[in-house]
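Q: Supplied in structure tokens, the structure appears directly below.
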Amino acid sequence: MMEFFNRMRIPVKIATAFAIVIATFIAAAVFITSSLGTLTATAEANAVSVRVSGHAQGMLGAIIQQENALRGYAMLGRSELLDEYEENKKAFEKEAEGFATTRKDDQKARLAALKDEVRDLNDKRFAELISLARDPATRMRAQEISGRKQLSKVRQIVGEMQKAASGYIAEQQAAMEAANTSAMTTLWVGAAFAILCAGALGWLLSNVIARPITSMTSVMGRLAAGDTSVQIPGTGRTDEIGSMAVAVNVFRDTAIAEEKSKAEKARAEAEQHRVVSEVGEGLGRLAAGDLRAELKNFPAAYAKLQDDFNGAVSELRSAMTSIAAATANIHGGSGEISQASDDLSRRTEQQAASLEETAAAMTQITATVQNSASGANQANKLVLATQADAQESSKVVSDAVSAMAEIEKSSQEITKIIEVIDKIAFQTNLLALNASVEAAHAGEAGRAFAVVANEVRALAQRSADAAQEIGTLISNSSKQVEGGVALVGEAGKALGRIIGSVDEVSGLVSQIAMAADQQSSALAQVNTAITEMDKVTQQNAAMVEESNAAARSLTDEATGLTRLVGRFDTGAQAAPAVARAPRKAPAPAPKVRGNTALALQSNLATAVDDWNAF
């Protein structure tokens, strides 16, 4: 058991000890809680039994009060006694509901039997008693019945209920006392066992942790004082103390190895001093430009350093020889690049000047075409406005023709109305004539009537004359309207032909404007292209200038590099620079004057020749 405990980690040991103590307290707490739960449940059951016993007594009292109220009603015939009977009946129901909370099945069965008996009493015997007591003739019979014993079975059932409740109360009281005793016993036993476990675990932890740590502290003190012969205890353990012992053992082995390495270190320092001295001398010769330096006879531990140094010097000597030859070639090539850059710079400047003239000419042509396009667009707008006015005039003529037709229609209607007026005047004239004839037959008595008839007749004649005149005027107006309609129709046809001509002119002007816009766009694109070419040429000129400056700088750098390489002694003669024939400067391109198109063609040809030559 102790060996197993030694193999455990210290946190596991401490955690195990605390776990045992905590488990002990938890077990005791579980037993106590269980006992307290049993005690609580028993107390609750006891309270229910006591309450149920009280409800049983209450039910019996309510039934007795019902019987007493009915006896009083049979004796006195007072109605308030019936009210008391009903109240006690409700009190019985309430007590029965309280008794129904019992947890015992036998008590619930007794409650059901009691309810059946009480229901039988109320529905049969008590109801018969109330019926007899209400009639004075049968009240004596009711008094006789009320004197009989009717609650024997009820008292028997309630007695059984109370007896059973008393038995339950006694049983639960005994269970409460037993649970209380068990809880106290578990509490004292659990406390004693916990104290015993805590003491045992404290002693065990002291032996397996504290004492080994004290011993390890003493060993580490001796090892720190330089005693490497000390024995390390606990190296076979697998816990933290064993790991500490292994670490201390490593420290002791390290101290022993360090003593052995001091002698080796002294010898290595002597060899290192000699190597550093010779390497320093070789590097000094390299710094002075002597690439023929070489290291010899190094110790075996530094043989690779010797080989690497000699190889690096050999590679550097070969590289410097190659650099010297390449520097001479670069010097010659940079001269040719500089001369070619000067030639290209002059030709690029000439090409830029030609493109600038071409761009100016294209700008003028573009402005002229844009003005033409603008004039064509204005003409197109005027033609469209004229076309709109002509269409509006055609619409007005159409409206005038429609108005003339309406006037003609109205004249025809007026003619019909005048014909009706003429007919009315004619009938009125006939009536007036008949009235005059009748007035003449009447003699002196009808003279006044004859005068009125003559006036009416004259008025009808004037109306007929006026209607004829109006008819003549309307007839003349209709002829004039027909002539106006014909003239307006001719005017509409003429406007139609004008609109057709204007449409054709508008189409032609639109085509002209469209063509002018397309030409303007094309020229703008050409102008943009020439402008871009001009920019590119200017950029090329700048780049050529930069290239020329770079070539000159390269020549200067090549000269300086040749001078620097000449400082190194490689043991071989430097290769001479390759001589290159100088380039002949090309003749300048001729300037073209006069026609701009010819100038543009000549400039483009010159540019192509320049690039081919480059």
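The values are calculated or read from the model by the stated rules, or taken from the named source; none is laboratory data. Source: prediction; values computed, not measured. All Cβ positions, glycine included, derive from the backbone under ideal geometry; neighbour counts span all protein chains shown. SASA here: full protein model, heavy atoms, side chains in, ligands and nucleic acids out. Shrake-Rupley method; radii C 1.70, N 1.55, O 1.52, S 1.80 Å.
Q: Which is open to solvent by 50 Å² or more (accessible area, probe 1.4 Å), at negative phi and more than 54 Å from the chain's Cα centre (by Cα), of Lys479, Lys535?
A: Going through Lys479, Lys535 in turn, just one is open to solvent by 50 Å² or more (accessible area, probe 1.4 Å), at negative phi and more than 54 Å from the chain's Cα centre (by Cα): Lys479.
Q: Working only within the stretch 145-161, note down all residues that are more than 30 Å from Ser53 (Cβ to Cβ) and either at pLDDT 80 or above or buried (at least 16 other Cβ atoms within 10 Å of the Cβ) (or both).
A: Ile145
Q: Only residues that are of a type in the set (Val, Ile, Thr), open to solvent by 40 Å² or more (accessible area, probe 1.4 Å) and over 9 Å from Val383 (Cβ atoms): list them for the stretch 499-514, please.
A: Ile512 - this is the single residue of the stretch 499-514 that is of a type in the set (Val, Ile, Thr), open to solvent by 40 Å² or more (accessible area, probe 1.4 Å) and over 9 Å from Val383 (Cβ atoms).
Q: Let me ask something else about it. Whether any residue in the stretch 390-401 is loosely packed, with under 13 Cβ neighbours inside 10 Å, of a type in the set (Gly, Ala, Ser) and assigned to a helix (DSSP H, G or I) is what I want to check.
A: No - not one qualifying residue is present in the stretch 390-401.
Q: Still on this structure: Among the candidates Val246, Val189, single out the residue that is open to solvent by 80 Å² or more (accessible area, probe 1.4 Å) and either modelled with pLDDT under 75 or out of contact with any Cys (no Cβ under 7 Å at 6 or more places or on another chain) (or both).
A: Val189
Q: Sticking with this one: Would you please list the contacts, defined by Cβ atoms under 6 Å and residues six or more apart or on different chains, that run from a residue in the stretch 267-286 that is under 18 Å from Asp307 (Cβ atoms) to a residue that is open to solvent by 50 Å² or more (accessible area, probe 1.4 Å) and assigned to a helix (DSSP H, G or I)?
A: Once the first residue is under 18 Å from Asp307 (Cβ atoms) and sits in the stretch 267-286, its partners that are open to solvent by 50 Å² or more (accessible area, probe 1.4 Å) and assigned to a helix (DSSP H, G or I) give Val275/Tyr302.
Q: Keeping to the stretch 196-239, report how many residues are among the small types (Gly, Ala, Ser), at pLDDT 70 or above and assigned to a helix (DSSP H, G or I).
A: 8
Q: Do you know which of the residues in the stretch 417-436 that are farther than 19 Å from Leu473 by Cβ and in contact with a helix residue (DSSP H, G or I) (Cβ under 6 Å, 6 or more places away or on another chain) is modelled with the highest pLDDT?
A: Selected residue: Thr428.
Conditions tested, residue by residue: (1) among the hydroxyl-bearing types (Ser, Thr, Tyr); (2) under 56 Å from the mean Cα position of the chain (by Cα); (3) modelled with pLDDT of 75 or more; (4) exposed (fewer than 14 other Cβ atoms within 10 Å of the Cβ).
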{"residue": "Ala23", "(1), (2), (3), (4)": "no, yes, yes, yes"}
{"residue": "Ala28", "(1), (2), (3), (4)": "no, no, no, no"}
{"residue": "Phe31", "(1), (2), (3), (4)": "no, no, no, no"}
{"residue": "Leu39", "(1), (2), (3), (4)": "no, no, no, no"}
{"residue": "His55", "(1), (2), (3), (4)": "no, no, yes, no"}
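Q: Mind checking which residues of the stretch 57-67 are open to solvent by less than 70 Å² (accessible area, probe 1.4 Å) and either free of Cβ contacts under 8 Å to residues at least 40 places away in the same chain or not assigned by the TED database to the domain that holds Leu121 (or both)?
A: Residues satisfying the conditions are Gly61, Ala62.
Q: How many residues are without any contact (Cβ under 8 Å) to a residue 60 or more places away in the chain and either in contact with a Phe, Trp or Tyr (Cβ under 8 Å, 6 or more places away or on another chain) or closer than 22 Å to Arg563 by Cβ (or both) if we restrict to the stretch 287-307?
A: 5
Q: Right, something else. Return the residue satisfying two criteria in turn: it lies in the stretch 99-144 and is among the hydroxyl-bearing types (Ser, Thr, Tyr) and over 21 Å from Gly77 (Cβ atoms), and of such residues it is surrounded by the fewest Cβ atoms within 10 Å (Cβ to Cβ).
A: Among those that are among the hydroxyl-bearing types (Ser, Thr, Tyr) and over 21 Å from Gly77 (Cβ atoms), it is Thr101.
Q: Give the residue, chosen from Thr321, Thr366, Thr358, that is surrounded by 16 or more Cβ atoms within 10 Å (Cβ to Cβ), of a type in the set (S, T, N, Q), in a helix (DSSP H, G or I) and outside the structural domain of Ala491 (by the TED database).
A: The match here is Thr321.
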